[in-house]
Amino acid sequence: MATGIRDKVVILGMGCSKFGERWDRNAEDLMVEAFEECAKDAGIGREQIEAAWFGTAIEEQHVGKSGVPLAMTLRLPYIPVTRVENYCATGTEAFRGAVYAVASGAVDIALALGVEKLKDTGYGGLPQRGRGGLNNMFWANISAPGSFAQLAAAYRAKHRVDAKDLKRAMAHISVKSHDNGSLNPKAHLRNRITEDDVINAPMIADPLGLYDCCGVSDGSACAIVTTPDIARGLGKKDLVGVKAVQLAVSNGQEVQFGEWDGSYFATTRVAAKRAYQEAGIDDPRKRISLFDVHDCFSVTELVTMEDLGISQEGKAIGDVLDGFYDASGKIPCQIDGGLKCFGHPIGASGLRMIYEMYLQLNGRAGERQRPDPVLGMTHNLGGFPSQNVSAITIVGRYGA
Amino acid sequence: MANEFGILSYGAYLPRRRLQRKVVAAANGWFAPGLRGLAKGERAMANWDEDSVTMAVEAARDCLGGLAPAGLEQLILASTTHPYDDRQNAAIVANALHLGSALRVLDVTGSQRAGTSALISALSGGGKSLVAAAEHRLAKAASPQELHYGDGAAALLVGSGTPIARMIGAHSETVDFVHQFRSSDRPHDYAWEERWIRDEGYMKLVPAALAALFKSTGVAPAAVTHFCLPCTLPRVVPGVAKRAGIAETAVRDNLAAVCGDTGAAHALVMLAQALAQAQPGDLIAVAAFGQGCDALLFEVTPAIGALPPRSGVDGALARRKEETNYLRFLAFNDHLALERGMRAEADKGTPLTTLYRNRDMITGLVGGRCRNCGTLQFPRGRYCVNPQCNGLDTQEAHPFSDTPAKVMSYTADVLTYSADPPAYYGMVEFDAGGRMMADFTDIDEGKVEVGMTMRMMFRIKEHDTARGFVRYFWKAAPA
C-alpha cells in the first residue's frame, strides 16, 4: 500500500528569475538566471543532476518542443530530460516529476525547471491558440478571464451574494496582493492600488476588471531535489521537506454531468483532500502557515480558499474582508504577490510558488518574511473551472 | 380532404436586429441626399453569425415544429446568396435538421423568383418536400438597395396528407428582362432605371402571368383574398392588382416598413404570413418577379385551424431589437476594414476529416443518451460520463438542438475576439439533462441571468477567411 511521498524528498536548492516584461532577455537567459541561483543554493554542479523535468506551456511561441531546449541551454550532460505541459499547472507538474524520480530511488538528484516567455507573443493577455481540431469546432469562444468570470456568476447565484459585495471582496484580494508584491524585488508588478482602482478598472470579462486579472509575464523558476540523507551529506541543515504533491484532473464530469454547479473547483477539493492526507494534516486552517494559490483571477483565489477547506463554503468573502489572508492576517495568502503581482509565466508559476514557501521556511524572504512558518501550501491550477488540472504541493520543515 | 396534395405547414425566420433606415440615410446624407426619401421604417438585418443557411434552418425548424417529417423525400433551398458555390448548402441544412441521408436535396438560385420556382417544382413533383428560401442580401453603402433589402427566410412543407392550403394552379413566364444582375465575381447588384422596371417589367410581365394563371385555373381574379407580390417600387403592386383584376383590399403589405425585401425568399415570407392570417376558403395568389414571373394560386383549407402554433412571420417580427448603429451593419456585412486585433488572426482551418466524422455532433448538435443509466451528455463519448456508470459504448444518439436549456453560468468577454463584442457565453444545462459550455447569441447587454431559459440556434461559429470556409455550430439564444 502506497504511503505517499511525505518527507521522502527534500529541496536542495531553488532559484527564480526576476519576473516581468523582460524585453531584453530570451527565455534561455531567464532559465540560466533561475538555474544559476538554484545551483549555487544547492551547492552542486550540473554534472550531479541525474534527471530533469522541463515545464513550458506555449512552447511554440518561445523555446520550441521537447526536453532539448533545457538540455541545450544548461548544457546538461546527456541526462534524461522530460518536457511536460499541463496547462497552467505545468510548473508543479515538472516539480512532481523530479520529486517522484527521487522518491522512487531511481535517481539521487533531480532538477525541475519551468519557463515562459509570454511577452514575445505580441498579446496583452495570454496568446490566442488552438484547442485541437474537434475542440475548435464546438468549444465556446472562451478566454481565460471569461471562463473564470463564470465562477462569479455561479457563486453569486448559489450563495445569494450581491454582485457589489462579491466585487468588493475580489477587490480586497487584488489590493492585498499588490501590497505584498510591492515588497518583492522579483515581482512583476510592485505598485500599490486601492479597492476603488479595482472596482473602477476597465472590464475584461464581466465581472472581472483589469485589476482582477493576474500579470502576464516572462520568467523562470527551478528546484533541485534530493533525499534527506544526501542533503545532509552535502552539509544542509534545516531541511525543507516535500510533504505532498497531488494532482486532480477533470474527466468531463463538471462540463458534461449534472452535479457540478459552476461555483467551485471539483478538482481542487479532491486534490486538497489527498494532499492533507499525504502530508498528515487534519486541520489545515490551524496548521498551514502560508498559502500561495493560483490567483489567475481574484475570484479564483476567493473560491479556492473554500475548496482548500480553509474558509467554509460560501463564507470566503467574510474571511477575505476580515483580513484573514492579508500579510498581517492569520494565514497570509500570496505573501510574494501571487500570480497577480509576482506575475504568471505559465510554465514557471508552480515552481515560483514553491520558491516563496522555500524562502519563507528558510527565513530568507526579506521584508516579506513571516515569523516561524512551518508548513507552506501551494495550489497551481490550469485550464478552466469546467475542465482543469489542479495541482497542490505542501512543503515544510523536514520532520514537522 | 385527407390525402390531398398541397402545403402542409409553414414557418418563417427574420433576424432580430432591425436597422433603422433613418440612421442609414443620415449617415449617407452628405453623399447621397436622395436617400432621405427612403428614411422611414426599418429592415431586418442578419447578425454577424447568420447567413442564408442558418436562417433557412431556423425557418425550417419553425415549419417542422421540432419533428423531422416522416417520408420526406426532398429538401430544396432557394437563395441568391448561398454561402457556398460548391458544397451543397441544402445538405448543411438537412444535417442540422436531422433529416437523414435518404434525401434528395437541391440548391436553387439565379433569380429573385428562385423561392417560388422551388415551390412550384416541389408542388409539381408529387412527393413530400421541404422548401426553404433564405437571403442574406448585400448592397453597397449609400445605395437604395441597402435600404430596400432585408434578410430573412421562410419554409414550407408540401406533400400529401391534410394540407392547410392546396395549390389550384401555377403559371410561369420566362423573359430575360434584366432589371438587375449580379455576376458571379461581384458581391453587389447592379440595377437599371426604376421607371423602366416598373412600366416594362412589373406592369406588363406580372399581369400577363396572372392572367394566364386565372385562365388556366378558371378562378375569377376578384375572388382572390390575399395577393402577395414582393416589390420595393412605390405604387406598383396596387397597379398590378388593378390590371390583373384583383381587388385592392386583397393586396398584402409587402413588409417594406418592418422587414425589407428578402429577395428570393420574400414571396414565401409573404405567403407564410398570409397563411398565418388566412381563413378556410381564402384564395391566396402569389407572384414573384425576375426574368419573368412565377404566379401561384392556393386555396386555404379548414386544416389551417388545426395547425399547431408557430412563430411565423409575425412572431419573427415581434422578436425585434432596434439597431441604430449603421457602422455595426457595415461591419457585419464586411464593408468596413475594422482593426480586428491580433486575436482575430488565429488560424481557423477546419480539418474536413474531423468534421465529417463528427458531422452529427457539430452540425446536428447530437450527443449521447446512456442506455444503462439514462444520462444525457454532450458530446458523446465512448465511456458514459456518469461516474456511477462509465459504461462503454452505451450511448445512443441524442439530439439536443430542440431542448430548452437554462443558463448556469455566464460572462461578457471583451478580451476574446468577437465580431460583436462583448462575447457572451456560458454553461447551459438542458431541461432534459446534459449540459455544455456554449456561445450565446442575440444577447442584449446586461440581460443575461443565471436560470434564464435559452434556445439552441444554428449559427456561424467562425469564418475561415484564409480559405473561405464557414464553420457552423449551435449557440444558445434567449428563448
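The values are calculated or read from the model by the stated rules, or taken from the named source; none is laboratory data. What you are looking at is a predicted structure, and each value in this text was computed from that prediction instead of being measured. Here Cβ is always computed from backbone atoms with ideal geometry, including for glycine, and neighbour counts include all displayed protein chains.
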**Study point:** Among residues of region B:209-241, those that are among the β-branched types (V, I, T), part of a loop (DSSP other than H, G, I, E, B) and over 30 Å from the mean Cα position of the chain (by Cα), counted
**Key:** 1
Review point. Just one of A:G252, A:G233 is of a type outside the set (A, V, I, L, M), closer than 22 Å to A:D7 by Cβ and over 20 Å from the mean Cα position of the chain (by Cα); which is it?
Key: A:G233
Revision key, fill the gap. Condition set touching a Gly at 6+ places or on another chain (Cβ under 9 Å) and facing chain A (nearest Cβ under 9 Å), scope region B:350-368, selection farthest from B:A91 (Cα to Cα): answer is B:G367
Point to revise | Single match in A:D238, A:D229, A:D162 (criterion: touching a residue at least 12 places away in the same chain (Cβ under 8 Å) and among the acidic types (D, E)) | key: A:D238
Review point. If a residue has to be among the charged types (D, E, K, R) and either under 20 Å from the mean Cα position of the chain (by Cα) or under 15 Å from A:A187 (Cα atoms) (or both) to count, how many in region A:311-341 make the cut?
Key: 3
Exercise for review: Answer with yes or no whether A:A272 is among the aliphatic types (A, V, I, L, M) and either modelled with pLDDT under 95 or not in a strand (DSSP E or B) (or both).
Suggested key: yes
Practice item. Could you please let me know if B:S121 is touching a residue at least 12 places away in the same chain (Cβ under 8 Å), surrounded by fewer than 23 Cβ atoms within 10 Å (Cβ to Cβ) and closer than 23 Å to B:V175 by Cα? Key: yes
Review point. Would it be correct to say that A:A140 is more than 21 Å from the chain's Cα centre (by Cα), crowded, with 23+ Cβ neighbours inside 10 Å, within 14 Å of chain B (Cβ to nearest Cβ) and at pLDDT 95 or above?
Key: yes
Review point. Based on what the data block shows, is A:D336 out of contact with any Pro (no Cβ under 8 Å at 6 or more places or on another chain) and at positive phi?
Key: no
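Right, B:V385: in a loop (DSSP other than H, G, I, E, B), crowded, with 19+ Cβ neighbours inside 10 Å and at the interface with chain A (Cβ under 7 Å from one of its Cβ atoms) or not?
yes
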Practice item. Look at A:Q256 and say whether it is among the polar types (S, T, N, Q) and either more than 14 Å from chain B (Cβ to nearest Cβ) or in contact with a His (Cβ under 6 Å, 6 or more places away or on another chain) (or both). Key: no
Study note, to complete from the structure: Counting only residues in region B:323-349 that are aliphatic (A, V, I, L, M) and within 14 Å of chain A (Cβ to nearest Cβ), the one nearest to B:C259 (Cα to Cα) is identified as B:A344
Review point. Of the residues in region B:318-349, how many are buried (at least 19 other Cβ atoms within 10 Å of the Cβ) and more than 24 Å from B:L415 (Cα to Cα)?
Key: 0
Exercise for review: Please go through region B:252-297 and pick out each residue that is closer than 23 Å to B:Q145 by Cα and of a type in the set (V, I, T).
Suggested key: B:V258, B:T262, B:V269, B:V286
**Study point:** So B:R357, is it outside the structural domain of B:G150 (by TED's automatic domain parsing), surrounded by fewer than 14 Cβ atoms within 10 Å (Cβ to Cβ) and in contact with a strand residue (DSSP E or B) (Cβ under 8 Å, 6 or more places away or on another chain)
**Key:** no
Practice item. Considering only region A:192-215, state which residues are surrounded by fewer than 17 Cβ atoms within 10 Å (Cβ to Cβ), under 23 Å from the mean Cα position of the chain (by Cα) and either touching a residue at least 40 places away in the same chain (Cβ under 8 Å) or not in a helix (DSSP H, G or I) (or both). Key: A:R192
Practice item. Scan region A:232-244 residue by residue and report those that are in contact with a Lys or Arg (Cβ under 9 Å, 6 or more places away or on another chain), crowded, with 17+ Cβ neighbours inside 10 Å and over 30 Å from A:H172 (Cβ atoms). Key: A:L239, A:V240, A:G241, A:V242
Point to revise | Output for region A:63-115, where each listed residue is closer than 15 Å to A:E47 by Cα and among the basic types (K, R) | key: A:R75
Point to revise | Residue satisfying condition, being crowded, with 21+ Cβ neighbours inside 10 Å and of a type in the set (K, R), within set B:K406, B:K461 | key: B:K461
Exercise for review: Find the strands (runs of 3 or more DSSP E) located wholly in region A:1-115 whose residues include 1 or more that are surrounded by fewer than 19 Cβ atoms within 10 Å (Cβ to Cβ) and not assigned by TED's automatic domain parsing to the domain that holds A:A348, and list them.
Suggested key: A:81-84
Point to revise | So A:Q256, is it of a type in the set (S, T, N, Q) and within 28 Å of A:Y100 (Cα to Cα) | key: no
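Test A:V320 against the stated conditions and say whether it is out of contact with any Pro (no Cβ under 9 Å at 6 or more places or on another chain), over 18 Å from A:I394 (Cα atoms) and of a type in the set (A, V, I, L, M).
Here the answer is yes, as A:V320 does meet what is asked.
Among the residues of region B:330-355, which ones are in a helix (DSSP H, G or I) and more than 28 Å from B:C63 (Cβ to Cβ)?
Residues of region B:330-355 in a helix (DSSP H, G or I): B:330-332, B:342-345, B:352-355.
Listed by number, the residues that qualify are B:L330, B:A331, B:M342, B:R343, B:A344, B:E345, B:L352, B:T353, B:T354.
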**Study point:** strands (runs of 3 or more DSSP E) wholly inside region B:393-479 that include at least 2 residues being touching a residue at least 40 places away in the same chain (Cβ under 8 Å) and more than 9 Å from chain A (Cβ to nearest Cβ)
**Key:** B:405-413, B:423-430, B:453-464, B:469-478
Exercise for review: Could you tell me whether region A:144-157 includes any residue that is free of Cβ contacts under 8 Å to residues at least 60 places away in the same chain and away from every other protein chain (no Cβ under 12 Å)?
Suggested key: no
Point to revise | For A:F265: the one exception among (1) in contact with a helix residue (DSSP H, G or I) (Cβ under 6 Å, 6 or more places away or on another chain); (2) more than 14 Å from chain B (Cβ to nearest Cβ); (3) buried (at least 23 other Cβ atoms within 10 Å of the Cβ); (4) under 30 Å from A:A154 (Cα atoms) | key: (2)
